[in-house]
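Structure record follows, encoded as structure tokens.
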Amino acid sequence: MHKISSGVKSLDNLIDSLYIGDNVVWEVDSGTLYSKFVENFIKQSSKDSQKIIYISFNRSPQSILNSVKNSLVPEHFVLVDCFTAGKGKNDKTFVRFYENPTDFNIVRIENPRNIDQFTETLNSIEDSFPPGARYIFDSLTGMQDLWGDENSTYKFFTYMCPRLYDLDTVAYWILEKEAHSQKFKANLRHITQAVLELYKRKDMLYIKALKLEGRSNREAFKPHLYEMDGSEITITFPGKETLTDIGSRLKKRRTRLGMSQKELADSVDLTPSFISQLENNQISPSLSSFMQLCGALGVNPGQFLEEKKPDTEPWLFKKKEVLLHPPYVENTIKVYEISGDENIAVKLIVFPPRTELQKHFFYKRTREFIHILKGAVSVTVEGAVEKLESGDSVFFKEHFPDQWKNEEDKDTELLMVCS
């Protein structure tokens, strides 16, 4: 897997860098300064002599150029302006930008509400470049505001995401998470290769991964503090104590003694908030604080650190609990994630009655074993139609379905195992 830098060294260390083909969805809270991650990505891409295509729905061309002009070479950058005639409503203040010449390549979309026109323009830009360009879609939320509903935005994403993957690009997609439904976010997470969440708690900034396809390190899925110093971003990695899950052990010892967080905090001159973050493995204590905590809890520091972490990987998956998670939805067909890691994924697929899908479930071709749990479904593979009933199975390695159809008057359920 070919890797590239995000422009933020500590982020590269956390997520094992960016992989060629990655579509990275950033789910952000307000005040998380996500633009600094974007600016560092642009700067690094220019340093790597890669074309950068910036598609703006949320910011005016002038404000974008002001933030990036010192970080890149103009011929490396293309700005697709969907803002001026979109949210900017062709206001004279924004239109005036085009009266002055610039060294940058600016493509103004005259009617960004016309999704077909926008897509055609974007595809023509893609076709003019060799594979490997970098993309920034500055606002999935802005797309939704302009196009009127989540469905239109989702359809565009499901078209563009696999296209960019096949073009060997890396793309950033920004999403204001409170502006979208859980269903919409779940569907995007299903399709994309990476999802990173930025959030703020009590004036502290946190980053954690919600999805990282192809990575084996699970450390990124824990919350990590990050700080800004100008354009410099530093992500705080846990020390040895946190890596051995010291927070959970401290909490277990405290509750066993019947102490509240406030009582423990008062005994070592710390705050209850600090104890809470520590027990959730959001921060790690200094050596001095750790020694004080061990003393207050009556435990030996050396033996405490050597204690083995129990295996917490779940082995039981109740159907009723699986169905509580937001599914990926395609033409009313629901796909629920049961379990998986970097090597294997297990999914439950529910076909409503009289439902037809004129394609396979996923664009990415993997080795797939599918077993019919309940009901019946017909599948078409290279023109051959087969009806599958409860107890039947199929194994796809090279040839994949062109159509699925449930002609029954009841739900059909499939178990899929992908590798």
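The values are calculated or read from the model by the stated rules, or taken from the named source; none is laboratory data. Bear in mind the structure is a predicted one, so any value in this text is a computation, not a measurement. Glycine also receives a Cβ, built like all others from the backbone with ideal geometry; neighbour counts cover every protein chain displayed. Remember, those area values only see protein heavy atoms, side chains included, never the ligands or the DNA or RNA. Shrake-Rupley method; radii C 1.70, N 1.55, O 1.52, S 1.80 Å.
Checked against (1) without any contact (Cβ under 8 Å) to a residue 24 or more places away in the chain; (2) over 28 Å from the mean Cα position of the chain (by Cα), F104 passes all but a single condition, namely (1).
Given T84, T93, which one is farther than 26 Å from T169 by Cα, free of Cβ contacts under 8 Å to residues at least 40 places away in the same chain, β-branched (V, I, T) and surrounded by 18 or more Cβ atoms within 10 Å (Cβ to Cβ)?
Working: T93 fails: surrounded by 18 or more Cβ atoms within 10 Å (Cβ to Cβ).
Testing whether each residue is farther than 26 Å from T169 by Cα, free of Cβ contacts under 8 Å to residues at least 40 places away in the same chain, β-branched (V, I, T) and surrounded by 18 or more Cβ atoms within 10 Å (Cβ to Cβ) leaves just T84.
With a requirement of 2 or more residues that are on the phi < 0 side of the Ramachandran plot, in contact with a strand residue (DSSP E or B) (Cβ under 9 Å, 6 or more places away or on another chain) and open to solvent by 50 Å² or more (accessible area, probe 1.4 Å), the helices (runs of 4 or more DSSP H) lying completely within the stretch 147-245 that satisfy it span 182-191. Looking across the stretch 15-50, just one residue is in contact with a His (Cβ under 6 Å, 6 or more places away or on another chain) and crowded, with 19+ Cβ neighbours inside 10 Å, and that is S46. Please find, within the stretch 1-14, the residue that is nearest to Y226 (Cα to Cα) out of those that are open to solvent by 30 Å² or more (accessible area, probe 1.4 Å) and of a type in the set (S, T, N, Q). The qualifying residue nearest to Y226 (Cα to Cα) is N13. Does at least one position in the stretch 115-130 carry a residue that is of a type outside the set (D, E), more than 23 Å from I42 (Cα to Cα) and either outside any loop (DSSP other than H, G, I, E, B) or open to solvent by 10 Å² or more (accessible area, probe 1.4 Å) (or both)? Yes, that holds for at least one residue.
Of all residues in the stretch 249-294, those being open to solvent by 20 Å² or more (accessible area, probe 1.4 Å), touching a residue at least 40 places away in the same chain (Cβ under 8 Å), in a helix (DSSP H, G or I) and under 18 Å from T236 (Cβ atoms) number 1. Residues in the stretch 96-114 that are more than 20 Å from T141 (Cβ to Cβ) and open to solvent by 80 Å² or more (accessible area, probe 1.4 Å): R96, E99, N100, P101, D103, E110.
For beta carbons closer than 9 Å, sequence separation of 6+ or different chains, a first residue in the stretch 193-208 that is closer than 28 Å to I20 by Cβ and modelled with pLDDT of 90 or more and a second that is of a type in the set (S, T, N, Q) and part of a strand (DSSP E or B), the qualifying pairs are Q193/N23; A194/N23. Applying a threshold of 9 Å to beta carbon distances and a minimum spacing of six or more residues, or different chains, the list of pairs starting in the stretch 63-76 at a residue that is closer than 13 Å to Q44 by Cα and open to solvent by 30 Å² or more (accessible area, probe 1.4 Å) and ending at one that is of a type in the set (D, E) and part of a helix (DSSP H, G or I) reads S71/E39.
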